[in-house]
Amino acid sequence: MISVTVNGVTHQLDIPEDTPILWALRDHMQMHGTRFGCGMAMCGACTVHLDGNPIRSCSTPIAFANGKNITTIEAMAQDSVGQKVQQAWMDEAVAQCGYCQSGQIMSAVALLKSNPNPTDEQIDNAMAGNICRCGTYNRIRKAIHSAADNPQLAKANAVDESLFVEVKA
Amino acid sequence: MSTTKTLNAATATENQTVQIANVSRRKFLGGMGMATGLVLAARWDMAFAEDAKYGRDAMPNGWTDNPNVFVSIATDGSVTIVNHRAEMGQGIRTSLVMVVADEMGADWNKVVVEQANANEPKYGNQNTDGSRSMRHFFEPMRRVGAAARHMLEQAAAQVWNVPVSDVTTTIHQVVHRPTNRTLSFAELAELAAEMKVPVAASLQLKQPSEWRYISKNPGAYPEGTTEKTGQPMAIDGRDIVTGKAVFGADVALDGMLVAKIVRPPVYCAGVKSFDATEAKKVTGVVDVIELPSVQMPSAFTPLGGIAVVAENTWAAIKASRALKIEWDNAKAGDNANYDSVAYRQQLEAAVQQPGKVVRSEGDFEQVLHSDSANKTVEASYYMPHLSQSPMEPMVAIAQVKNGKAEIWASVQNPQLAKDGVAGQLGLKPEDVTVHCTLLGGGFGRKSKPDYIFEAAALSAKLNGRPVRVQWTREDDIQQGYYHTVSLDRLEGVLDSNGKSIGWRHRSASPSITSLFGPDSGHTAVFENGMGFNTVPFDIPAIQLENPAAPAHVRIGWYRAVYNLPHAFAIQSFAAELAHEAGVDHKQYLLDLIGPARKINPTSIGEHWNYGENPAEYVLDTGRLRDVIEMATSKAGWGKTMPKNRGLGLAVHNSFVSYVAVVFDAEVTDAGELIIHRADIAVDCGPQVNPDRIRSQMEGACVMGISNALVSEITAKNGAIQQSNFHNYQVARIVHAPKEIHVHAVNNRMDVPMGGIGEPGVPPVAPALCNAIFAASGKRIRTLPIANQLKTS
Ligand code: FES
Ligand code: FES
């Protein structure tokens with residue numbers, strides 16, 4: 001029997017110890033916000049926090065979380081940094097398909113908790129493990145700066161304000 | 001025929017649906033005499049004006065603009081609008097719904113979106129690919145919204161007993177102008193539902209100046225209707241950031257089993273024998289089922305293999321690894337010898353020989369040997385197979401029970417899935433329901449419903465237990481429908497002024513048509529029409545040939561499809577010619593394109609034109625020139641660049657849109673590539689959702705960088721050598737340009753609307769390679785770039 005606390009709720013799980021946290025969440029706890037992208041810690045879609053640290057849940061067995069705290073995307077609306085990041089994500093219209101974004105947000109929140117005002121380079125380093133096949137990277141950088149309340153850097157990633165005025169005719 | 005008088009689409013019965021379907025079908029069959037309030041005179045005229053059908057009229061099941069199908073208003077004032085196209089990141093659930101909402105005067109904050117099931121007879125075509133959703137449904141959806149507005153106004157006029165000409169709609173309410181009385185949509189909901197659907201000819205569409213959402217820039221939306229940034233919130237924006245968005249794997253059914261299938265590594269191989277003893281020992285395994293293998297052409301039939309069915313995903317995956325399978329490669333014939341290194345040599349040999357002539361103007365051979373031929377230039381460009389690899393691997397849920405099938409899937413072409421499941425199981429299409437979830441990316445892969453057929457077959461075999469077939473990333477990369485592999489050889493003849501007087505292009509690549517019939521090895525009209533025979537250059541002698549290239553894996557659509565190799569080759573070669581001629585690349589490119597003119601696609605012989613009417617959608621070199629001018633001016637073309645840094649340009653028209661890209665790239669002394677900036681100019685005609693246009697261009701830029709820089713699928717002994725993102729790489733945040741600037745031109749209603757999902761990708765790779773050349777003098781002719789720039 002494995003005991004894990006997910007977003008503040010403790011679960012007793014009678015499942016094989018090698019079950020990845022990802023599948024324990026999705027199949028045994030019916031929490032679907034954490035996504036499956038690669039299953040081998042290559043894409044970051046499954047990122048959750050284990051005792052506050054970002055981990056790839058697809059490659060971390062549930063036994064490893066025994067007695068620990070898991071935080072998922074579902075809890076971010078109750079997290080002060082999480083809220084800011086979610087709002088910035090919506091304001092900058094980051095998401096395209098959205099599938100990678102649970103993981104992107106979990107990585108971004110972890111980054112901002114350890115480094116409240118990251119540079120572009122620090123963002124790139126922290127987010128390099130999160131693939132977005134839709135290619136939302138430039139907006140991710142911008143949204144992290146705006147969640148960090150760094151309008152200067154957010155602007156550096158901004159697109160031209162006057163883009164759509166080129167109306168001929 | 002009775003018409004549906006309710007404005008409540010949610011309560012429309014299947015009967016009514018079928019009636020609408022009949023009308024729509026008859027239109028295509030050429031039947032007359034069914035015109036009712038639902039079928040609009042203008043539509044009939046259009047349909048019979050000429051035999052050939054184009055655009056939305058040519059798509060299976062066409063379109064409808066019946067508001068009863070798409071709009072319902074509840075008595076609390078909420079407006080439910082149906083989106084019938086697949087949402088995969090292009091934002092169509094927001095954009096199409098926004099069109100309806102704007103035309104009907106609905107307040108965005110009171111709009112709810114309902115995702116349609118597969119039902120083309122009811123909704124019109126739902127096949128979401130080819131960058132078609134907005135260009136085919138903008139006009140019908142405007143009429144849907146306008147018709148709903150007219151019905152609300154009719155209802156209000158009736159309540160007040162005033163002429164309808166005295167009432168007008170503002171935001172979510174109807175106003176009686178002389179007295180300023182108002183009735184809200186909520187108050188009018190029931191009565192409006194009883195109003196007759198107005199005929200299209202009587203509809204007054206809004207003037208662009210009256211639009212509140214359509215074509216508005218971020219920040220330009222009216223007060224009070226908006227979120228913080230002043231733009232309509234993406235419909236799924238909040239659900240995505242809170243993890244609530246429902247993708248294909250997020251539907252949970254009681255008693256649902258999970259299947260993981262081990263498919264043959266070689267296309268068309270079968271199972272010789274297998275041993276499931278160890279697999280069955282894994283806790284949670286329910287069954288191990290052998291599935292039939294396929295033969296070419298396999299179309300969308302699943303590849304077969306061995307399915308492990310279990311109570312949960314992990315058990316299925318774990319047990320699948322414990323299977324011992326001996327494959328029967330003899331069944332696969334030649335495919336078992338497919339080797340990417342040898343195949344490239346085969347393509348290289350093929351393009352040395354004349355191929356099937358695709359287009360011939362002037363006499364290339366004569367020009368080549370003429371006195372004016374001062375210089376000849378030759379180069380070949382190679383692009384490997386690619387895997388779409390959307391972040392959400394393929395997944396489908398099926399429950400086949402009591403003569404009915406119910407499917408939940410993330411799918412680009414739901415009707416194809418529905419008809420296919422019906423055919424496969426011997427059911428009537430109306431007994432198959434396909435629920436469409438959000439797609440975690442598609443890029444063409446989810447246009448092929450093989451994974452849905454797998455789920456249906458397994459549920460049927462398991463006596464109707466619901467089954468989720470879960471593809472892993474390895475499955476996705478190793479058993480895909482790959483982007484073609486290509487060799488494009490170009491020869492250019494320059495006169496003594498460096499002017500291009502002869503152009504020969506031989507393009508060899510396996511065809512998607514190999515999926516559907518005997519493989520001729522030749523690319524089809526629609527493939528050649530993606531930038532090969534449509535080369536827009538003003539050169540006296542143009543010779544285009546297509547040597548044969550047989551397929552040994554499943555070839556399928558990949559975002560922008562054959563435009564990718566054609567643009568890479570043509571736009572790289574144009575830069576090479578400019579270099580040989582000693583002329584500035586931009587100037588040379590403009591000269592190649594020639595003066596602004598409208599080329600009728602029929603004038604180049606076999607044409608496809610993305611299914612659009614050649615009289616309406618001409619190849620407009622003026623628009624090509626416009627995007628070149630815009631991208632280069634924004635990038636500061638001609639300025640002095642720092643050491644190791646250069647600007648690279650490419651332009652391409654595809655999906656009836658025009659896109660130019662300029663990269664500012666640096667190649668360090670160590671051979672490291674730094675992409676400082678991308679300037680992308682796009683002309684897709686009228687811009688419905690400018691921010692989504694921009695994000696599609698940004699995403700296309702990043703995907704183009706994946707294609708150019710890191711992605712490659714190769715085969716050896718018939719099997720794909722890559723298996724996950726460690727060896728099939730795609731662009732990460734570190735590869736993204738430091739800045740992407742998108743500039744849209746020609747936002748005007750007098751040019752026909754183009755696509756936006758795909759056309760951004762093709763110019764990216766050649767523009768990047770041209771920038772690398774400008775920065776370092778190194779010319780890239782083989783993709784991906786990978787380590788080619790490394791100096792040590
Ligand atoms: S699914 Fe865990 S890193 Fe990709
Ligand atoms: S938004 Fe689609 S994968 Fe990131």
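The values are calculated or read from the model by the stated rules, or taken from the named source; none is laboratory data. Keep in mind that what you see is a predicted model, and the values were worked out from it rather than measured. So basically every Cβ, Gly included, is an ideal-geometry build from the backbone, and we count neighbours across all protein chains shown. Heads up: the accessible areas ignore ligands, DNA and RNA and are worked out on the full protein's heavy atoms, side chains in. Shrake-Rupley method; radii C 1.70, N 1.55, O 1.52, S 1.80 Å.
Rounded to the nearest 0.05, what FRET efficiency do A:THR10 and B:ALA670 give with R0 = 45 Å and r taken as the Cβ-Cβ distance? Could you check? For R0 = 45 Å, the calculated efficiency reads 0.30. By the helix-only formula, in which each DSSP H run with n ≥ 4 contributes -39500 (n - 2.57) and the sum is divided by residues, chain A has a 222 nm mean residue ellipticity of -9000 deg cm²/dmol. Among the protein heavy atoms, those of B:ASP450 account for about 0 Å² of accessible surface (1.4 Å probe, every chain in place). In this view, the solvent-accessible surface of A:CYS58, computed with a 1.4 Å probe and all protein chains in place, comes to about 10 Å².
Taken about its Cα centre, segment B:476-563 carries a charge dipole of about 60 debye when Lys and Arg each add +1 at the Cβ and Asp and Glu each add -1 at the Cβ. Extension gain, B:GLU365 to B:LYS598, is 81.1 nm, computed as 0.36 nm per intervening residue step minus the present C-alpha separation.
Nearest 100 Å², what total accessible surface is buried between chain B and chain A (probe 1.4 Å)? Counting both chains, the buried surface is close to 5800 Å².
Between B:ALA52 and B:LYS401, the modelled labels are 5.1 nm apart [label points 7 Å from Cα along Cα→Cβ]. Among the protein heavy atoms, those of A:SER80 account for about 90 Å² of accessible surface (1.4 Å probe, every chain in place). Note that segment A:1-109 presents 33 Å² accessible area per residue, ligands and nucleic acids not counted, probe 1.4 Å. In segment A:101-139, the residues that give up 30 Å² or more of accessible area when the other protein chains are added, compared with the chain on its own (1.4 Å probe), are A:ASP124, A:ALA128, A:ILE131, A:ARG133, A:CYS134, A:GLY135, A:TYR137, A:ASN138, A:ARG139.
Label sites at B:LYS272 and B:ALA373, each approximated as a point 7 angstrom past Cα along Cα to Cβ, lie 5.3 nm apart. Per the Debye calculation on chain B with a single equal scatterer at every Cα and no solvent contribution, log₁₀ I(q)/I(0) for q = 0.06, 0.09 Å⁻¹ amounts to -0.40, -0.90. Ranking B:LEU425, B:LEU458 from most to least accessible surface, computed with a 1.4 Å probe over the protein chains only, gives B:LEU425, B:LEU458.
The lysines within cross-link reach of B:LYS634, meaning a Cα-to-Cα straight distance under 28 Å and a gap of 8 or more places when in the same chain, are A:LYS142, A:LYS155, A:LYS168, B:LYS216, B:LYS499, B:LYS586, B:LYS598, B:LYS643, B:LYS738, B:LYS778. The 3J(HN,Hα) values that the Karplus relation (6.51, -1.76, 1.60; θ = phi - 60°) gives for segment A:81-87 are, in residue order, 6, x, 4, 4, 5, 4, 5 Hz. Gly and Pro appear as x. For segment B:723-742, accessible area lost to neighbouring protein chains reaches 50 Å² or more, against the chain alone with a 1.4 Å probe, at B:ARG732, B:ILE733. What a 1.4 Å probe finds exposed on segment B:361-421 is 42% carbon and sulfur by accessible area, rounded to a whole percent. Within segment A:79-153, the percentage of alpha carbon pairs spaced more than 21 angstrom apart rounds to 12%. Beta bridges per DSSP, both residues in segment B:347-483: antiparallel share near 70 percent. For the pair A:ALA77 and B:THR283, a Förster radius of 30 Å applied to the C-beta separation gives a FRET efficiency near 0.25, rounded to the nearest 0.05. Straight-line cross-link reach from B:LYS448 at under 21 Å between alpha-carbon atoms covers these lysines, not counting any fewer than eight positions away in the same chain: B:LYS260, B:LYS418, B:LYS428.
Using a probe of 1.4 angstrom and keeping all protein chains present, the accessible surface of chain B works out to 34 square angstrom per residue.
Dipole check for segment B:235-368: with +1 at the C-beta of Lys and Arg, -1 at the C-beta of Asp and Glu, and the Cα centre as origin, the magnitude is about 420 Debye. The modelled label-to-label distance between B:LYS738 and B:GLU210, using points 7 Å beyond Cα along the C-beta direction, is 4.9 nm.
In the neighborhood of B:VAL282, defined by Cβ-to-Cβ distances under 15 Å, what is the net charge if each Lys or Arg adds +1 and each Asp or Glu adds -1? So the environment of B:VAL282 carries a net charge of -1.
The helix-based estimate of mean residue ellipticity at 222 nm for chain B, built from -39,500 (n - 2.57) per DSSP H run of four or more residues and divided by its residue count, is -9000 deg cm²/dmol to the nearest 500.
Dipole magnitude for the protein assembly as shown: about 560 debye, using +1 per Lys or Arg Cβ and -1 per Asp or Glu Cβ, origin at the Cα centre. Counts of other chain beta carbons within 10 angstrom of each beta carbon in peptide B:275-287 average 1. What is the log10 of I(q)/I(0) for the protein assembly as shown, computed with the Debye formula using one identical point scatterer on each Cα and no solvent, at q = 0.05 Å⁻¹? Here the Debye-derived log intensity ratios amount to -0.29. Rounded, prolate or oblate: pick one for segment B:76-185, where a ≥ b ≥ c are the square roots of the eigenvalues of its C-alpha gyration tensor, a/c under 1.5 means rounded, and failing that, prolate if a/b is larger than b/c, else oblate. Prolate, since a/c reaches 1.5 and a/b exceeds b/c.
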